[in-house]
Amino acid sequence: MYGLPDPAKRRPPKMTRMTTIPPLPSSAGWTPWQPAFRQRARHAVTSGDWRGMTTGERSLVSQNPWLAAARDIQVPPQAGWRTFVFMGGRGAGKTRAGAEWLRWSMLHGGCRRAALVGPALHDVREVMIDGPSGLKWIEPLKSRRPTYSPSRRLLSFDNGAEAHVFSAEDPDSLRGPQFDVAWCDEVAAWLRGQAVWDTLQMGLRLGDAPRVMATTTPRPTPFFTGLLKGADTLVRRTSMAENADNLSDGFVSAMMAAYGDSALARQEIHGELLEDPDGALFRRQMIDAARVDAPPMMEDVIVAVDPPASSGPAADACGIIAAGVRAGVSYVLADASAPGLKPLDWARRAVAVSREVGAREIIAEANQGGEMVRQVLESAGVDVPVRLVRARLGKRARAAPVATLYEQGRVAHVGLLPELEDQMCRFGAEGFRGSPDRVDALVWAIWALALDGAGPWVRVL
């Protein structure tokens, strides 16, 4: 995210009836993206001295302020790649970079048909198109903003170029269409990454040099790590700190103070690709091996809750995991965990999830609240039994039997649960910091479905 003003507060340029908008140059090509041109543009904008630029160049920069504002790392080179992977931490400017590259491709780079692919259709519209750094709001002239047709899943540009919207949940939707350019967002979080990517590649067959830009926070999924090794793949990494000028004052320092040099900070703030650390109880490979797209009919379903010890913005997340069982295999159905919730808020969230999945009961850890946990859930309108449990052993000792079930292939995740899985693959490793709230709730859920009565590490209240 580059930090555009709030779209609701933007004012269109004042024009008289006789004012005409200068024609948008459509044949500029990629030369203005070269470092020398952008350096001249940056100097002209910051100093106010435009004598070093022609009238045409000044018009080009005024209609494309990204030429002066972009950091060098956000701008891919002109040649030498088919796939450009731009990975980085949260708030590092990845979305803005992808949107500006796609916009330029359509308006100046000669491309006519693009594919926009995100983790889900909702993500494409809310982030890639309508987000503050999305394709709609980076257009400086309101009259030239692209228009989106939800029924056709089509984004139309001022010059007639079109971008078609796709979800990474549905690789078959990419069969048939063909493109000369594509922007793919959060590819490391794609549920069916390899299948979607392969189908997209077969549709990139228009134009002289079809290309794709992939923007993402890195995760060590098999698909993503393989993508980075491609012979025609260019990879760049950036961090949240490099984009600090476009974030709220003090945000980066607050994040660093909270997470320091933890594995979470290295991945989510600095954009590092981390392999599973030594000592972690859960391995990404065993999670991926048992993953399913959809669950079978469940024999039993429960929701497990690990309440935080405090509430407010700085509080730990409340772990909320829904899981079911069928023929001896446990299925993790949903991760509804969320940080910073007040007691009644997390209780309402747990109740809503229990109703959505048809849970038989809610299991809640009572170490931090005792009977009050039950009372909060009752205040939230719970309509299934609430079972309170109190742990006798430490977190790692409680999680070990559940990790064994994962190794045996007796636990499957339904879809991709990135935040839960990231925490699982760090839990137990040296240097792990913070509360394993999601993992705690997961352990209670799998225990209730597969291990109830198998050990002395829990007491039912």
Do the conditions hold for Met213, that is, is it touching a residue at least 12 places away in the same chain (Cβ under 8 Å) and either assigned to a strand (DSSP E or B) or charged (D, E, K, R) (or both)?
yes
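Residue by residue through segment 221-232, note down the ones that are outside any helix (DSSP H, G or I) and either modelled with pLDDT under 90 or surrounded by 16 or more Cβ atoms within 10 Å (Cβ to Cβ) (or both).
Residue satisfying the conditions is Thr221 alone.
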Residues of segment 180-196 being assigned to a helix (DSSP H, G or I) and under 21 Å from Leu155 (Cβ atoms), which ones?
Val187, Val196
Sort out which residues of segment 211-220 are in contact with a strand residue (DSSP E or B) (Cβ under 9 Å, 6 or more places away or on another chain) and at pLDDT below 95, and write them in order of number.
Thr217, Pro218
Residue that is surrounded by the fewest Cβ atoms within 10 Å (Cβ to Cβ), among those in segment 197-207 that are in contact (Cβ under 8 Å) with a residue 40 or more places away in the chain and farther than 19 Å from Val235 by Cβ
Leu206
Just checking, how many residues over segment 20-36 are more than 33 Å from the chain's Cα centre (by Cα) and modelled with pLDDT of 90 or more?
1
For the subset of segment 118-156 comprising residues that are in contact with an Asp or Glu (Cβ under 7 Å, 6 or more places away or on another chain) and among the β-branched types (Val, Ile, Thr), which member is nearest to Thr215 (Cα to Cα)?
Val127
Residues of segment 162-179 being outside any strand (DSSP E or B) and surrounded by fewer than 23 Cβ atoms within 10 Å (Cβ to Cβ), in sequence order, are Glu169, Asp170, Pro171, Asp172, Ser173, Arg175, Gly176, Pro177, Gln178
For segment 76-110, give me the residue count where each residue is assigned to a loop (DSSP other than H, G, I, E, B) and surrounded by fewer than 22 Cβ atoms within 10 Å (Cβ to Cβ).
9
Filtering segment 41-75 down to residues that are outside any helix (DSSP H, G or I) and either in contact (Cβ under 8 Å) with a residue 24 or more places away in the chain or hydroxyl-bearing (Ser, Thr, Tyr) (or both) yields Thr54, Asn64, Pro65, Ala70, Arg71, Val75
What residue, among those in segment 265-288 that are at pLDDT 85 or above and part of a helix (DSSP H, G or I), is nearest to Phe427 (Cα to Cα)?
Arg284
Just to be sure, is Ala114 in a loop (DSSP other than H, G, I, E, B) and either of a type outside the set (Asp, Glu) or touching a His at 6+ places or on another chain (Cβ under 8 Å) (or both)?
no
Ser133 passes all but one of the listed conditions (1) in a helix (DSSP H, G or I); (2) in contact with a Ser or Thr (Cβ under 6 Å, 6 or more places away or on another chain); the exception is number (1)
Selection from segment 237-264 of residues that are polar (S, T, N, Q), within 25 Å of Gln423 (Cα to Cα) and at pLDDT below 90:
Ser253, Ser262
Considering only segment 273-286, I want to know if a residue exists there that is farther than 30 Å from Thr404 by Cβ and surrounded by 13 or more Cβ atoms within 10 Å (Cβ to Cβ).
no
Checking the structure you have, find out if any residue of segment 154-176 is touching a His at 6+ places or on another chain (Cβ under 7 Å) and of a type outside the set (A, V, I, L, M).
no
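Here is a yes/no grid of residues against (1) of a type in the set (Val, Ile, Thr); (2) farther than 27 Å from Gly89 by Cβ:
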residue: Asn159; (1), (2): no, yes
residue: Phe166; (1), (2): no, no
residue: Ala195; (1), (2): no, yes
residue: Asp198; (1), (2): no, yes
residue: Arg219; (1), (2): no, no
residue: Thr225; (1), (2): yes, no
residue: Val235; (1), (2): yes, no
Condition broken by Pro308, with the remaining ones in (1) in the same structural domain as Ala327 (by TED's automatic domain parsing); (2) surrounded by fewer than 19 Cβ atoms within 10 Å (Cβ to Cβ); (3) not in a helix (DSSP H, G or I) satisfied
(2)
Of the conditions (1) closer than 29 Å to Pro295 by Cα; (2) surrounded by 17 or more Cβ atoms within 10 Å (Cβ to Cβ), Glu356 fails just one. Which one is it?
(2)
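The values are calculated or read from the model by the stated rules, or taken from the named source; none is laboratory data. Owing to the predicted nature of the structure, the values given are computational and were not obtained by experimental measurement. Neighbour counts run over all protein chains shown; Cβ positions are idealised from the backbone, glycine included.
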